[in-house]
Each structure stands twice: as C-alpha cells, then as structure tokens.
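Below is one structure, written out as structure tokens, with a few remarks after it.
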Amino acid sequence: MNKTSLMTLDSEAVKNNIQFLKKKIGSKVKLSSVVKANAYGHGIEHLVPVLEEAGVDHFSVFSFDEALRVRQCTKLAPTILIMGWIGNEDLARAINYGFEFFVFSLERLQLTFNVAKAQKCSAKIHLEAETGMNRSGLNMKELKKAISIIKADPKHFELAGFCTHLSGAESISNHLRIQKQLKKYSKMLAMLENEQLTPRYKHVANSAATFVFPKARFDLVRIGIMQYGFWSSAETFIHYIQNQKTKEDPLQRILSWKSRVMAIKNVITGEFIGYGIYYLAQSDIKTALVPIGYACGYSRSLSNKGRVLISGHRCSVIGLVNMNMIIVDITNVPDVAEGDEVVIIGKQGDLEIKVSAFSNISDELNYEVLAHLPGDIERRVV
Ligand SMILES: *Cc1c(COP(=O)(O)O)cnc(C)c1O
C-alpha cells in the first residue's frame, strides 16, 4: 500500500449522482454502472459497495478479472456484464459464475456454444453489433450466421442483450456518423426480432449518448464517467445545461486526492531547483517538497505547470515532476509546516483543483487522468 498520498471517495456524492442519473433516465431504463479500469481509477473494492448501496444492481466491466473483483466485493448478487476480454481458458468459469458478456465475433459465439454445451448449461450473451465504429462486433452477414448458430441449439444461450457502441457521442462532429449507426442498429435489431430472438436488454448509450441522443437509451444505458461526477465533454454539459433553469452542475465529484508537505526549503536567487535547468529562482523563494510523482500518476507533463493547494493557496509546481516527488513554490504562503495538507485533486477552503484543470494542462482526457490513478494508493470512503 502506497501511503504517500490518500484518495477519499465521497459516498454522498455517489448517491447524488446515481439519483440524478436514475431520475433522468426514468424507471423503465436500466442503469448499468461502468466500473472498468478500476472504476475509472477510483478503486473497484472501495467504490462498488458504495454504488451498490446507492441502488446500483448492474455493473459493466471490461475484463473477466474485473468481473471477479466486482463479484467479490458485492453483497446483493448484481448482474455483472463483461464488455471485452475473457481469455478462452476463463470462459467456462465466466459462464458458471453467471457473468453476462459481449459476443463480438462468430469465433467467440462458437466457443461459447461449445463450452456451454460441454457444461450442460446456458451462457448469458449480449450480441454486439458492428454499426460503424469498426472496432468490434458482428456485421450484418455475421449476425445472420450468429442467428442460425443460436437457433440450431437455443437452449445453450440466453440472449441477455443486443448492443453496439457509438463512435464518440460527446462531440457534435460525430453527429452524422452516429445517426447512421443508430439506423443500422435498428435495422439489425429488426432482423433479430424477425427471427423471434428477443434480447432482454437493447443497449447502445454511454454517458454522452444518454444525454445527447435520448432515443438511444433503449432499455439500458452504460454509464461510466458521469457517475463519477464528470461530464463526458464540455459540449455534453452545455447541451444539457442550456435547457435547465438552474445553471448549476447537478453532478458532484467523488474523488479527492491529498498528500502532505514532506520538507520545506529556502532557495536564494540565481539557483536552479531540481534536476537540470528547468527552473531558475529569479528571487529568493521558499519551496515545499511533496511526495507524489509520475510513479503515482502525477504526469511528467505537469512539470513547471501543475498546481496544488496548500493552506488555502494555489501553489505552482516548479521544475520537473520526479518519479516520486514534486517541488512547489510556497513563497507567498505564510506558516507552512511539514505535514501540512496538500490537495492534488479536490477542494481546500474556497479553492478547488479539478481533474479537468489537470488534464487541460497535461493534454490528457479526464478519462485518462482518472484511469492512470494507481490502484495501490490508500483510499478511504467518507
Ligand atoms: C467505457 C464504456 C462505456 C462508458 O462510457 P462513458 O463515456 O464513461 O459513460 C459504455 N460502453 C462501453 C462499451 C464502454 O467501453
């Protein structure tokens, strides 16, 4: 366990976000909580139980190992849907545990059939349609073939879903391509239903699509980024807020990330600070050393650019981000002492450092910053 910093997860914010999302999608649409990439860096083992308490009973992950982790930390036997990778060697266990999973190729379908038949049971599958993203899924011809495979021996399959993924609903520039995808999805769905195969859940939408293309909600939405308190993009937020009376963001951030001052130093004019010649003291300055670096997800591209909060002041990172440390300028902050709180992400007094501020500087997406947060940093639910 890495104790150089601490992440806190705000359980009230989780409840707020889930309530908001459920209210928006209504009671007829299922919310699947996407907790891939260690719950977008928040930590599966810490966050999933809180989500479950907030009323979530359907989780989506990328891989079999993540599904196992969700299964282990939940109490109420939620549905667990694997949207991506299951090694062939794990397929039998995935079926036995009742995990649902995307079937994105005919090979995967055939193997699923073989495994389910050998075990004399049925597999809960979501047929994934290729509708224009050209990433994964069955095209029209393959879907026809899939239908014939399923119908030949239907007792080994439970058609839990029919789904696709859109190619960037968070940006207006993809509008046309997405309209085409939705059309294609409906056509493929009709073909499936004409063959008397009715999927339990039809699903297409991620967070952005849920808000930008309400008709893409179908029976279930796969919500990732928004449940953590972030809009998929500025555009998505503006799209939502322009029709609202109050212009306040209804979402709340869950995660804060804090460390402490490790040492304080005075540096005189003309001295370089840290490695090489990246920062020159142009006057006498006072610095604080903070034990976080790129090894714990604090990007090197924040060198000379990042900001942290100390004693209610915004302080600049000076010089290079090191593997385990950063140096910050505290010249204008009175009375800083070793052990004082340093906010890397979150609030202190009236100030806040948002993940987006972070990501704008480092040119990473919110998604990317979050997913890079290491799993071994201590986490606490408050
Ligand atoms: C990650 C993912 C989502 C969730 O996306 P958000 O933009 O975080 O809501 C939904 N569906 C699939 C297939 C995904 O991979």
Checklist entry - Restricting the search to region 339-373, which residues are open to solvent by less than 20 Å² (accessible area, probe 1.4 Å), touching a residue at least 60 places away in the same chain (Cβ under 8 Å) and closer than 22 Å to K3 by Cα? => result V342, V343, I344, I345, G346, V355, V369, L370, L373
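Quick one: in region 155-187, which of the residues that are of a type in the set (A, V, I, L, M) and in contact with a Leu (Cβ under 6 Å, 6 or more places away or on another chain) is farthest from the ligand (Cβ to nearest atom)?
If we filter region 155-187 for residues that are of a type in the set (A, V, I, L, M), which is where we start, we get 159-160, 166, 169, 172, 176, 178, 182.
In the following step, the residues that additionally are in contact with a Leu (Cβ under 6 Å, 6 or more places away or on another chain) were identified as 159, 178.
Details: L159: 18, I178: 13 Å.
Result: L159.
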Item to check | Sole exception among (1) under 17 Å from L220 (Cα atoms); (2) of a type outside the set (D, E, K, R); (3) not in a loop (DSSP other than H, G, I, E, B) for A39, by number | outcome: (1)
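Among G84, G98, which is under 30 Å from Y294 (Cα atoms), assigned to a loop (DSSP other than H, G, I, E, B) and open to solvent by less than 40 Å² (accessible area, probe 1.4 Å)? Write out each step before concluding.
Numbers: G98 fails: under 30 Å from Y294 (Cα atoms).
Being under 30 Å from Y294 (Cα atoms), assigned to a loop (DSSP other than H, G, I, E, B) and open to solvent by less than 40 Å² (accessible area, probe 1.4 Å) holds for just one of G84, G98, which is G84.
For (1) touching a residue at least 60 places away in the same chain (Cβ under 8 Å); (2) open to solvent by less than 10 Å² (accessible area, probe 1.4 Å); (3) closer than 15 Å to V261 by Cβ, each residue gets a yes or a no:
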residue	(1), (2), (3)
I292	yes, yes, yes
V308	no, yes, yes
C315	no, yes, yes
N324	yes, no, yes
I327	no, no, yes
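Is there a residue being at positive phi, touching a Gly at 6+ places or on another chain (Cβ under 6 Å) and outside any strand (DSSP E or B) anywhere in region 43-55? Let's see the steps before the verdict.
Of the residues in region 43-55, the ones at positive phi are 43, 55.
Next cut, touching a Gly at 6+ places or on another chain (Cβ under 6 Å) only: none.
Scanning region 43-55, I find no residue that is at positive phi, touching a Gly at 6+ places or on another chain (Cβ under 6 Å) and outside any strand (DSSP E or B), so the answer is no.
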Next on the checklist: When you check Q110 against the structure, is it away from the ligand (no atom under 16 Å from the Cβ), in a helix (DSSP H, G or I), modelled with pLDDT of 95 or more and closer than 26 Å to E12 by Cα, yes or no?
Outcome noted: no
Next on the checklist: Tell me the residue from A152, A190, A205, A129 that is more than 15 Å from the ligand (Cβ to nearest atom), among the small types (G, A, S) and open to solvent by less than 50 Å² (accessible area, probe 1.4 Å), please.
Outcome noted: A190
Next on the checklist: Just to be sure I understand the filter: pairs with C-beta atoms under 6 Å, separated by 6 or more residues or on different chains, first member in region 51-77 and more than 14 Å from the ligand (Cβ to nearest atom), second member of a type in the set (K, R). Which pairs pass?
Outcome noted: A54/K15
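Look at Y279 and say whether it is open to solvent by 90 Å² or more (accessible area, probe 1.4 Å), in contact (Cβ under 8 Å) with a residue 40 or more places away in the chain and over 29 Å from T8 (Cα atoms). Show your work before the answer.
Values: open to solvent by 90 Å² or more (accessible area, probe 1.4 Å): no; in contact (Cβ under 8 Å) with a residue 40 or more places away in the chain: yes; over 29 Å from T8 (Cα atoms): yes.
Spelling it out, it is not the case that Y279 is open to solvent by 90 Å² or more (accessible area, probe 1.4 Å), in contact (Cβ under 8 Å) with a residue 40 or more places away in the chain and over 29 Å from T8 (Cα atoms).
Test of understanding: among K117, K124, which residue is in a strand (DSSP E or B) and either over 18 Å from H203 (Cα atoms) or basic (K, R) (or both)? Break it down into steps so the answer makes sense when it comes.
On the way: K117 fails: in a strand (DSSP E or B).
Just one listed residue meets the conditions, K124.
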Next on the checklist: Is it the case, given these coordinates, that K247 is away from the ligand (no atom under 16 Å from the Cβ), open to solvent by 30 Å² or more (accessible area, probe 1.4 Å) and more than 26 Å from F113 (Cβ to Cβ)?
Outcome noted: yes
Item to check | Candidate set: region 211-231, residues that are more than 11 Å from the ligand (Cβ to nearest atom) and open to solvent by less than 10 Å² (accessible area, probe 1.4 Å); chosen: the one farthest from I18 (Cα to Cα) | outcome: A216
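The values are calculated or read from the model by the stated rules, or taken from the named source; none is laboratory data. None of the values given here were measured: they were computed from a predicted structure. In this analysis, Cβ positions are derived from the backbone assuming ideal geometry, glycine residues included, and neighbour counts consider all displayed protein chains. Remember, those area values only see protein heavy atoms, side chains included, never the ligands or the DNA or RNA. Shrake-Rupley method; radii C 1.70, N 1.55, O 1.52, S 1.80 Å.
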